[in-house]
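The values are calculated or read from the model by the stated rules, or taken from the named source; none is laboratory data. Just so it is clear, the structure is predicted and the values come from calculations on it, not from any experiment. Cβ sites come from the backbone with ideal geometry, for glycine too, and all protein chains shown count toward neighbours.
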Amino acid sequence: MRMMIIGALSGELSQAARMAIGRGARIEQADTREAALAVLRRDARVDLVLCDLAQDVPALIRALAAERIAVPVVACAIDPDPELATAAIRAGAREFLPLPPDAELIAAILDAVAGDDRSVVVRDPVMQATLRRAEQVAMADASVLVTGESGTGKEVLARHIHARSRRAKAAFVALNCAAIPENLLESELFGHEKGAFSGAVARRVGKFEAADGGTLLLDEIGEMDIRLQAKLLRALQEREIDRIGGSAPVKVDVRILATTNRDLLAEVAAGRFREDLYFRLNVISLHVPPLRERPQDIQALADHFARRFAEVNGLPNRPLSEGARRRLAGHAWRGNVRELENTLHRAVLLAQGDWIEADAIEVAPARLPAGQMPPQIAAQEVSAGQVQSTAPEPGATGVASLVGRRMEEVERDLILETLHHTLGNRTHAATILGISIRALRNKLRDYSAAGVKVPPPPAGLAAYAAAGEAV
């Protein structure tokens with residue numbers, strides 16, 4: 001992951017850079033907005049911009065929008081002016097990072113806004129079979145379609161394929177099709193020429209050219225508008241792209257990996273996804289099972305995350321107690337690996353003594369019905385007398401307590417409870433829920449309009465909340 005910092009790289013901003021590097025990020029730096037824009041025009045591999053409020057964040061965001069450069073911006077400052085912080089968020093900054101930086105908040109921002117390079121940790125036979133298939137096809141140039149629920153590690157598997165391919169020393173460029181507005185996605189993919197549209201003050205290199213010789217990951221490809229799918233299909237067939245406003249095609253040598261949490265055949269049947277594009281992408285298919293179907297991975301990943309977050313936060317590496325492991329094994333993991341990662345990060349910070357005990361494992365109370373649990377977990381739970389009947393009854397808890405309620409109400413309560421749990425931090429909440437920041441903000445805006453009380457953002461955005469824009 002590549003992050004650009006705009007502002008003087010000293011003091012607290014330098015500390016934020018070191019934390020990001022500790023999370024695997026590569027850092028670019030520019031002293032001014034103009035210098036940053038020059039880099040962003042020629043290098044489409046920058047995933048995230050961290051901009052000092054003193055650099056006029058709204059002006060930066062307006063310039064990016066005018067040139068159709070879709071890169072998330074996070075504002076930051078020491079003792080910020082509330083009006084400047086409010087203006088940055090209103091202009092479109094994804095988050096505000098108070099300085100000096102908090103390690104956990106840096107981690108959450110990198111994960112939720114730009115994604116991160118997580119290691120492949122596999123112990124369960126179900127996932128081992130998927131990994132073997134991935135490694136078998138890694139050296140080929142064929143397109144690969146990776147399917148699975150949100151948070152299962154589809155992008156991690158895609159990076160693993162690239163790392164074991166003949167293109168491993170070339171660029172790996174990822175584009176989240178769900179996170180970029182439809183009117184910007186074409187330019188982000190194919191680039192544009194100077195003068196192609198109002199605001200195009202210079203040539204912009206798109207993701208295809210940035211990935212030339214390497215691998216391009218189209219994350220959540222099922223979210224792409226069907227009109228743009230036709231241009232993507234041509235690029236895959238002809239191995240050339242047309243910049244917006246360009247006069248001649250540009251040859252590209254790119255291997256395509258794509259991920260989706262949708263049933264693309266159902267999308268084809270519904271007319272929302274091109275059948276010819278589906279078959280072009282689905283030369284090789286890989287399915288990443290949900291975490292609840294790979295129980296041995298739960299323990300292996302938990303150990304991995306415990307070690308990693310202890311190191312990131314400068315804490316001793318403490319093992320998980322048996323009680324903590326039982327608590328992890330019995331949870332439903334609706335958010336899959338992403339939820340487990342956040343749970344272990346909290347546990348590392350909350351644990352006391354020489355072990356991570358069960359009381360440091362804070363998870364949502366809902367459980368899978370016994371019939372949906374992996375057999376070995378269900379057997380453990382039955383022997384412990386912990387499995388409840390799935391029939392609704394007075395005072396029922398967990399999944400049973402949800403029977404009879406509308407889906408919209410359950411979703412609303414889950415979102416609001418998660419937001420309370422994160423003390424109003426939208427980035428943390430979106431990461432735990434496995435949704436985008438934009439989707440979360442839209443939900444919260446709807447709740448506020450309906451008269452539902454929404455937890456305010458953290459103290460650093462008190463002015464933002466007071467302005468009525470807390471969602």
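Remarks
- Considering ALA178, ALA269, ALA248, the condition of being without any contact (Cβ under 8 Å) to a residue 40 or more places away in the chain and under 30 Å from VAL39 (Cβ atoms) is satisfied by ALA248 alone.
- Strands (runs of 3 or more DSSP E) (entirely within the stretch 191-300) containing at least 1 residues that are surrounded by fewer than 17 Cβ atoms within 10 Å (Cβ to Cβ) and at pLDDT 95 or above: 284-287
- Count of the stretch 119-139 residues, restricted to those that are hydrophobic (A, V, I, L, M, F, W, C) and under 22 Å from the mean Cα position of the chain (by Cα), is 6.
- Hey, GLU339 in contact with a Phe, Trp or Tyr (Cβ under 8 Å, 6 or more places away or on another chain) and closer than 23 Å to ALA178 by Cα or not: yes
- Scanning the stretch 19-50 for residues that are hydrophobic (A, V, I, L, M, F, W, C), more than 20 Å from the chain's Cα centre (by Cα) and under 21 Å from ILE106 (Cβ atoms) yields ALA30, ALA36.
- Of the residues screened, ASP354 is one that is over 22 Å from the mean Cα position of the chain (by Cα) and either assigned by TED's automatic domain parsing to the domain that holds ILE435 or in a loop (DSSP other than H, G, I, E, B) (or both).
- Filtered residues of the stretch 179-190 (kept if within 18 Å of the chain's Cα centre (by Cα) and either modelled with pLDDT under 85 or over 20 Å from ASP47 (Cα atoms) (or both)): ALA179, ILE180, PRO181
- Filter pass, PRO58 being modelled with pLDDT of 80 or more, farther than 30 Å from ARG243 by Cβ and of a type outside the set (A, V, I, L, M): no
- For the condition at negative phi, among the charged types (D, E, K, R) and touching an Asp or Glu at 6+ places or on another chain (Cβ under 6 Å), ARG325 does not qualify.
- Contact map, the stretch 304-330: first residue touching a residue at least 60 places away in the same chain (Cβ under 8 Å), second residue surrounded by 15 or more Cβ atoms within 10 Å (Cβ to Cβ) and not in a helix (DSSP H, G or I), Cβ cut-off under 8 Å, separation 6 or more or different chains; pairs are HIS304/VAL121; VAL312/ARG23.
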